[in-house]
Structure formats: structure tokens, C-alpha cells
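Chemist: Quick one: this structure, given as C-alpha cells, is what I'll be asking you about.
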Amino acid sequence: MTITRRTLLAAGAASPLLAGMAGAQGVRSNAARFSLGYAPHEGSFASRGGLIEQIAFAADQGFTAWEDNEARARPVAQQTQMAKALQQRGMTMGVFVASMPKWSQSRPLLGATDGAERDAFLADVRSAVDVAKRLNATRMTVVTGFLDPKVPVDIQTARIIDVMRAAGDIVAPHGIAMVMEPLNTRTNHPGVYMQSIAQGFAVARGANSAGVKILADLYHEQIQSGNLIPVLETCWSEIGYIQFGDNPGRNEPGTGEINYANIVRWLRARGYAGVIGMEHGNSVAGRAGEERLIAAYRAIDAQNGAGA
């Protein structure tokens, strides 16, 4: 979830049913709305123009949500513009990153003996509340930092639970939840502290806060642990957000080994009504890749007759 992930990073078989009026200005979509809240990001539809044009295009294809890891770093005027565009098109804002790690430095060390980085993390969370309100976002991503080789892991876990509980006390009164993202160490993020959804479950349970949940990025979980549906089932009470991305390659569903049609079927049976971040690139460049992206989501959304 680094800034560069966006840089690394179709009109498919549309349903004959047209979506109804969307948003405050009554803009009519030209495609059926997806049954689940799949959320593209800037770059998903790069050929269609800038950020606001891409949001409009996504809405016209039936997408009902949007996510933007880098939203916090955008000028306030652009944050406000994005929130207005989403509201006008009846779209839900997904996550943004509340406290960006220093990836090249393998920091922060939230479990270290020195508490300075925990204090800085809490300061980031406090200031992110205003960003979330501006964006009408109820979820924001946090990373629990990197492992400190000098401190026993169990001690680090206790300290991370404490700082997450404190952060939860900051955001929960505003109706916001931080979603902690477990990251894989085998392909992308060696040395991170939180490496699986199960580990996130333990920290979330320890924090015991409505403001502390798990971001279940299924790309990372497939690499690190697999067994996706049983893991979701076991940890469901603490999962606050979901992201898709196939493996290998981290591109749209259907390009790798994950059976996202089954995942969608399971989520629908669970009654999941939250956002699903499309946290991946396009496997094909340009407009053809954008069309392939839309088609991939139409295909998995069509399970059990959905997509109308």
C-alpha cells in the first residue's frame, strides 16, 4: 500500500437492466449497478481522464464505491472535490491510508521500547479524522509497522494492542474504524509485523474497540496463508473492510489462482454490504485493459444471478 502501488498498477457483458437515478444530481448510469460495492481507484480507468473523470466513468459502468490510498496527501480542495463527485453519483468512499509507513526505512516500529513512533502514529490518526470527515469515509487503513529484532514478538504484540486501543478511542466516537492491513512478506513486504488475517484477529480482539478492525486484503492473505474462505469465516467478527487482487501478478480477478466467484458467492450469502477495494492493477494496458477489468467484475458479480 505504498504510493508506488498505484503506478504499478472491461465494457464487459452488461446486463440489459439499467440502473436508476444515481446521486444528488440525478445522473443516470448507462450500465447495471454491481450488486456488491467494488471500488476502483485512480488509475483503474486512466484513459478516461483525471480523477474526477475516472470517478464519473466508474459510476457510468455501475460501480458504487471508490477508494484512494493517497487521498490524505491530496490538497484539501481536491479532497472536497472528490467527495462531492462521489456524493453526486451515489458512490461510497472506501479507505484511504491514515498513517503512511516509511517503506524504504522499514518504519515505524510500533512495538519498540521507545514510544516515540507510537506517539507519532497516534498523532497521524488524530489528524486523519478530519480527512475522513471531509471524504465521508468511515474506514481508514493503518499498517502496524515493522518487526523490531531487538524486542520479543510477544512484547511487541502487547504494545501494538495498546496503541491500537488508544487509536480506536480517537476514531470510534466519530463513527470511524481503522482497518489494520496484514501484508505478505514473501513477495512484497518483508519484515512487517502483521502478516496474516489471523494475527490481525488477535490484535483486534485485544484492542476490543469498535474503532479497530481488520482489512482483509485477499491478495496478501493468499500469498501468506491461503485457505481464504475458512479464514474469513473464523475472523469475520473483526473484519471491517475487504480488498481483492489476484495472485500471482496482483491484477483483476480471473488472472490468477484465486476463485473470486466463490468468494463473491460467500460474501453475498454473508450479507456483506461494505466496500470491496479493487486493490490491484490491470493485466492489460490501456483502454483494452479497462474493458477487461469491467468484464472481470461483471463475471464474478454474476454468480447466482446477481448483477442486476
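Laboratory data are not the source of any read-out in this text; all were calculated from the coordinates shown. Computed from a predicted model, the values in this text were never measured in an experiment. Cβ sites come from the backbone with ideal geometry, for glycine too, and all protein chains shown count toward neighbours.
Chemist: In what sequence do TRP103, TRP236 fall when counting other Cβ within 10 Å, fewest first? Walk me through the numbers on the way to the answer.
Modeler: Values: TRP103 16, TRP236 13.
Result, fewest neighbours first: TRP236, TRP103.
Chemist: Could you list which residues have their amide H under 5 Å from that of SER99, counting only those 5 or more apart in sequence or on another chain, with H placed in the peptide plane?
Modeler: Correct list: VAL143.
Chemist: Which order do peptides 176-184, 269-277 fall in by mean Cβ count within 10 Å, highest first? Please report the intermediate quantities before stating the final value.
Modeler: Details: 176-184: 25.2, 269-277: 16.7.
Per-residue Cβ counts within 10 Å, averaged per peptide and sorted highest first, yield 176-184, 269-277.
Chemist: What does the charge dipole of region 254-308 about its Cα centre add up to, to the nearest 20 debye, if the Cβ of each Lys and Arg holds +1 and the Cβ of each Asp and Glu holds -1?
Modeler: Details: 6 positive and 5 negative charges, 39 e Å.
Charge dipole of region 254-308: 180 debye, to the nearest 20.
Chemist: Given +1 on the Cβ of Lys and Arg, -1 on the Cβ of Asp and Glu, and no further charges, what dipole in debye does the chain carry about its Cα centre, rounded to the nearest 20?
Modeler: With Lys and Arg at +1 and Asp and Glu at -1, about 500 debye.
Chemist: Could you work out the local net charge near VAL264, counting Lys and Arg as +1, Asp and Glu as -1, over the other residues with Cβ closer than 14 Å to its Cβ?
Modeler: Numbers: positive: ARG265, ARG268, ARG270, ARG298; negative: ASP246, GLU252, ASP301.
Neighbourhood net charge equals +1.
Chemist: Counting other beta carbons within 10 Å of each Cβ, put HIS220, HIS174 in order, fewest first. Kindly include the intermediate steps, with their values, before the conclusion.
Modeler: Values: HIS220 30, HIS174 13.
Ranked by crowding around the Cβ, least crowded first: HIS174, HIS220.
Chemist: Next up: Calculated from DSSP H runs of 4 or more alone, at -39500 (n - 2.57) each and per residue, what is the 222 nm mean residue ellipticity of the chain, nearest 500?
Modeler: Working: 10 runs with 119 residues, N = 308.
The helix contribution divided over the chain gives -12000 deg cm²/dmol.
Chemist: So who's got an amide H within less than 5 Å of the one on ALA65, skipping anything under 5 residues away but keeping other chains? H placed 1.01 Å off N, in plane.
Modeler: Here THR92 satisfy the definition.
Chemist: OK, next. Among the aspartates and glutamates, which have Cα under 15 Å from the Cα of LYS150 when same-chain residues fewer than 8 positions away are ignored?
Modeler: Reachable aspartates and glutamates: ASP114.
Chemist: Here are a few candidate values for semi-axes √(5λ) of the Cα gyration tensor in Å: (1) 56, 37, 16; (2) 41, 21, 19; (3) 32, 21, 17. Which one was actually calculated from the structure I just gave you?
Modeler: Recomputing semi-axes √(5λ) of the Cα gyration tensor in Å here gives the entry labelled (3).
Chemist: Next question. Does region 213-308 come out rounded, prolate or oblate by the C-alpha gyration tensor, with a ≥ b ≥ c the root eigenvalues, rounded set by a/c under 1.5 and, if not, prolate when a/b is larger than b/c and oblate if not?
Modeler: Oblate.
Chemist: A further question follows. Can you work out ³J(HN,Hα) from phi for every residue in region 286-294, in order, using Karplus 6.51 cos²θ - 1.76 cosθ + 1.60 and θ = phi - 60°, giving whole Hz and x for Gly and Pro?
Modeler: Here the 3J(HN,Hα) series is x, 5, 4, x, 5, 5, 5, 4, 4 Hz.
Chemist: Which residues' amide hydrogens lie under 5 Å from the amide hydrogen of ASN247, considering only partners 5 or more residues apart or on another chain, with H built in the peptide plane?
Modeler: Correct list: GLY256, GLU257, ILE258.
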